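A.B. asks: Would you mind keeping the following structure in view while I ask a few things?
The values are calculated or read from the model by the stated rules, or taken from the named source; none is laboratory data. Not measured: the values here are computed from a predicted model. Every residue, glycine among them, receives a Cβ derived from its backbone with ideal geometry; neighbour counts consider all protein chains shown.
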């Protein structure tokens with residue numbers, strides 16, 4: 001006889017099955033790349049966030065080996081105990097220099113993950129009496145940071161500057177924090193950052209920008225959304241991840257030196273966690289060299305060409321293909337079960353394009369999420385176009 005607690009969970013899992021919402025993991029047997037061996041099958045993958053194709057880049061791999069030989073496998077402690085390696089310090093200096101054109105008196109702080117970085121920023125800035133204004137389509141880490149802060153939270157409609165202005169005008173909070181993704185991870189569209197900066201400066205609010213999907217891809221030399229929009233403001237607290245376009249792992253926050261010092265003193269998800277392995281920081285120095293150099297420029301140009309190829313080649317009649325100039329190309333299907341069937345149909349053809357369902361996206365907007373990489377070829381994209389067009393026409 002099942003234990004009642006176990007039985008309760010089994011009933012909930014069965015409900016997920018019935019609603020076509022249960023998730024499953026697949027096991028990759030080869031490095032992150034367009035062509036992978038997955039669960040014993042050779043696949044052409046359009047599902048990673050490795051936008052520049054650096055996750056399996058020889059220079060980055062060699063730098064990781066060098067970092068492990070120099071610094072060992074682990075950090076051993078939190079940054080504030082003994083885990084802050086020379087490699088972490090060098091990486092933070094390099095990141096601050098990289099972001100300096102868009103952030104005055106900038107300092108950078110590295111984190112294990114973007115999730116931890118967003119928790120740190122939101123909870124540390126939300127002092128007693130603070131009010132947070134969270135974008136409707138924000139990443140879960142920004143949402144969870146707001147919840148953990150215990151501050152009052154207002155959710156404003158997606159990209160609705162007028163609605164946000166009204167909420168900020170009505171607020172009497174001494175500390176106001178607006179949080180937003182730059183590139184929205186499930187839709188691929190960009191937040192109206194210039195208007196948000198203007199609004200936050202007028203209302204004396206912090207603007208926390210999660211540039212997970214913009215860093216390395218957008219802007220001059222891949223400096224991200226701030227460079228792309230030619231923005232600078234002391235109100236900005238910028239978070240960039242190092243696991244996507246940079247191809248390794250971790251994240252960083254770049255802001256005014258005083259903001260970073262406040263995070264060091266008060267951000268619980270920074271203070272109370274073991275630092276990332278220093279070898280990763282060493283590998284990221286190679287990633288930054290590539291991103292900011294000629295090779296990075298070539299890779300970004302190739303990625304844009306592939307985005308244009310996909311958008312021009314898809315001829316969908318029933319599914320929606322919202323406008324996106326980024327590597328994230330959603331194909332909105334609607335129903336959970338149909339999205340799963342579409343993903344399964346593509347998988348049988350050797351194409352790994354995942355179905356994204358609630359709660360990751362709003363109910364009724366389940367979709368295929370196609371993500372492109374500079375490591376894809378024109379032939380790869382042509383194959384995906386033909387398979388999607390054919391499947392959508394008969395599904």
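A.B. asks: Are any residues in the stretch 371-383 assigned to a loop (DSSP other than H, G, I, E, B) and touching a helix residue (DSSP H, G or I) at 6+ places or on another chain (Cβ under 6 Å), and if so, which ones?
C.D. replies: At the first step, the residues of the stretch 371-383 found to be assigned to a loop (DSSP other than H, G, I, E, B) are 372-377.
Once the filter is applied, which keeps residues that are assigned to a loop (DSSP other than H, G, I, E, B) and touching a helix residue (DSSP H, G or I) at 6+ places or on another chain (Cβ under 6 Å), the stretch 371-383 yields 372, 374, 376.
A.B. asks: Scan (1) surrounded by fewer than 20 Cβ atoms within 10 Å (Cβ to Cβ); (2) closer than 30 Å to residue 328 by Cα; (3) in contact (Cβ under 8 Å) with a residue 24 or more places away in the chain for the single condition residue 68 breaks and write down its number.
C.D. replies: Condition not satisfied by residue 68: (2).
A.B. asks: Give the residue that is surrounded by the most Cβ atoms within 10 Å (Cβ to Cβ), with candidates limited to residues of the stretch 148-179 that are assigned to a loop (DSSP other than H, G, I, E, B) and more than 21 Å from the chain's Cα centre (by Cα).
C.D. replies: Residues of the stretch 148-179 assigned to a loop (DSSP other than H, G, I, E, B): 150-151, 157-160, 171-175.
Okay, now just the ones that are also more than 21 Å from the chain's Cα centre (by Cα), so 150-151, 160, 171-175.
Values: 150: 11, 151: 22, 160: 14, 171: 17, 172: 7, 173: 18, 174: 11, 175: 17.
Ranking the qualifying residues of the stretch 148-179, first place goes to 151.
A.B. asks: In the list 118, 138, which residue meets the criterion of being buried (at least 22 other Cβ atoms within 10 Å of the Cβ), touching a strand residue (DSSP E or B) at 6+ places or on another chain (Cβ under 9 Å), within 22 Å of residue 287 (Cβ to Cβ) and at pLDDT 95 or above? Talk me through it step by step, then tell me what you get.
C.D. replies: Working: 138 fails: within 22 Å of residue 287 (Cβ to Cβ).
One residue alone meets the criteria, 118.
A.B. asks: Please specify each residue of the stretch 204-217 satisfying the condition of being farther than 24 Å from residue 144 by Cβ and buried (at least 24 other Cβ atoms within 10 Å of the Cβ). Please lay out each step first, then the result.
C.D. replies: The first filter runs over the stretch 204-217 and keeps only residues farther than 24 Å from residue 144 by Cβ, leaving 204, 216-217.
Hits for the stretch 204-217 are 216, 217.
A.B. asks: Turning to a different aspect of this structure: Hey, which of the strands (runs of 3 or more DSSP E) in the stretch 204-312, taking only ones fully inside, have at least 1 residues that are over 23 Å from residue 326 (Cα atoms)?
C.D. replies: On the way: elements: 206-210, 236-241, 251-256.
In the stretch 204-312, the matching strands (runs of 3 or more DSSP E) lie at 206-210, 251-256.
A.B. asks: Quick check on the stretch 47-54. Is at least one of its residues closer than 25 Å to residue 186 by Cα, assigned by TED's automatic domain parsing to the domain that holds residue 327, more than 23 Å from the chain's Cα centre (by Cα) and not in a helix (DSSP H, G or I)?
C.D. replies: Scanning the stretch 47-54, I find no residue that is closer than 25 Å to residue 186 by Cα, assigned by TED's automatic domain parsing to the domain that holds residue 327, more than 23 Å from the chain's Cα centre (by Cα) and not in a helix (DSSP H, G or I), so the answer is no.
A.B. asks: In the stretch 37-46, what count of residues is obtained for those that are touching a residue at least 12 places away in the same chain (Cβ under 8 Å) and more than 26 Å from the chain's Cα centre (by Cα)?
C.D. replies: From the stretch 37-46, those touching a residue at least 12 places away in the same chain (Cβ under 8 Å) are 38-39, 41-46; that's our starting set.
With more than 26 Å from the chain's Cα centre (by Cα) added as a condition, the list becomes 41-42.
Selection size over the stretch 37-46: 2.
A.B. asks: Part of a helix (DSSP H, G or I) and under 17 Å from residue 248 (Cβ atoms) - does that describe any residue in the stretch 116-135? Outline the logic, then answer.
C.D. replies: Kept after step one, since they are part of a helix (DSSP H, G or I), are these residues of the stretch 116-135: 116-125.
Within this subset, residues satisfying the condition of being under 17 Å from residue 248 (Cβ atoms) are 116-117.
Looking through the stretch 116-135, at least one residue is part of a helix (DSSP H, G or I) and under 17 Å from residue 248 (Cβ atoms).
A.B. asks: Next question, about the same structure. Please determine, by comparing only the residues of the stretch 268-295 that are farther than 18 Å from residue 75 by Cβ and within 19 Å of the chain's Cα centre (by Cα), which one is surrounded by the fewest Cβ atoms within 10 Å (Cβ to Cβ).
C.D. replies: Taking the candidates together, the pick is 288.
A.B. asks: Name, by its number, the condition in (1) touching a strand residue (DSSP E or B) at 6+ places or on another chain (Cβ under 7 Å); (2) in a loop (DSSP other than H, G, I, E, B); (3) over 22 Å from residue 35 (Cα atoms) that does not hold for residue 315.
C.D. replies: Failing condition for residue 315: (1).
A.B. asks: Based on this model, can you work out whether residue 308 counts as at pLDDT 95 or above, within 18 Å of residue 54 (Cβ to Cβ) and either touching a helix residue (DSSP H, G or I) at 6+ places or on another chain (Cβ under 7 Å) or surrounded by fewer than 22 Cβ atoms within 10 Å (Cβ to Cβ) (or both)? Even if it seems obvious, please write down each step before you answer.
C.D. replies: Working: at pLDDT 95 or above: yes; within 18 Å of residue 54 (Cβ to Cβ): no; either touching a helix residue (DSSP H, G or I) at 6+ places or on another chain (Cβ under 7 Å) or surrounded by fewer than 22 Cβ atoms within 10 Å (Cβ to Cβ) (or both): yes.
No, not satisfied.
A.B. asks: Residue 261 fails exactly one of the following numbered conditions: (1) farther than 29 Å from residue 106 by Cα; (2) surrounded by fewer than 18 Cβ atoms within 10 Å (Cβ to Cβ); (3) in contact with a strand residue (DSSP E or B) (Cβ under 9 Å, 6 or more places away or on another chain). What is the number of that condition?
C.D. replies: Looking at each condition in turn, residue 261 falls short on (1).
A.B. asks: For a quick check of your reading of the model, give me the residue pairs whose first member lies in the stretch 8-36 and is closer than 19 Å to residue 52 by Cβ, whose second is in a helix (DSSP H, G or I), with beta-carbon atoms closer than 8 Å and at least 6 apart or on different chains.
C.D. replies: Pairs found: 34/380.
A.B. asks: Can you name the residue in the stretch 180-203 that is surrounded by fewer than 21 Cβ atoms within 10 Å (Cβ to Cβ) and in a loop (DSSP other than H, G, I, E, B) and is also nearest to the chain's Cα centre (by Cα) among such residues?
C.D. replies: 186
A.B. asks: Going through 340, 346, 331, 368 one at a time, which residue ends up being assigned to a helix (DSSP H, G or I), under 24 Å from residue 17 (Cα atoms), at pLDDT 95 or above and touching a strand residue (DSSP E or B) at 6+ places or on another chain (Cβ under 6 Å)?
C.D. replies: Details: 346 fails: touching a strand residue (DSSP E or B) at 6+ places or on another chain (Cβ under 6 Å); 331 fails: assigned to a helix (DSSP H, G or I); 368 fails: assigned to a helix (DSSP H, G or I).
From the options 340, 346, 331, 368, the qualifying one is 340.
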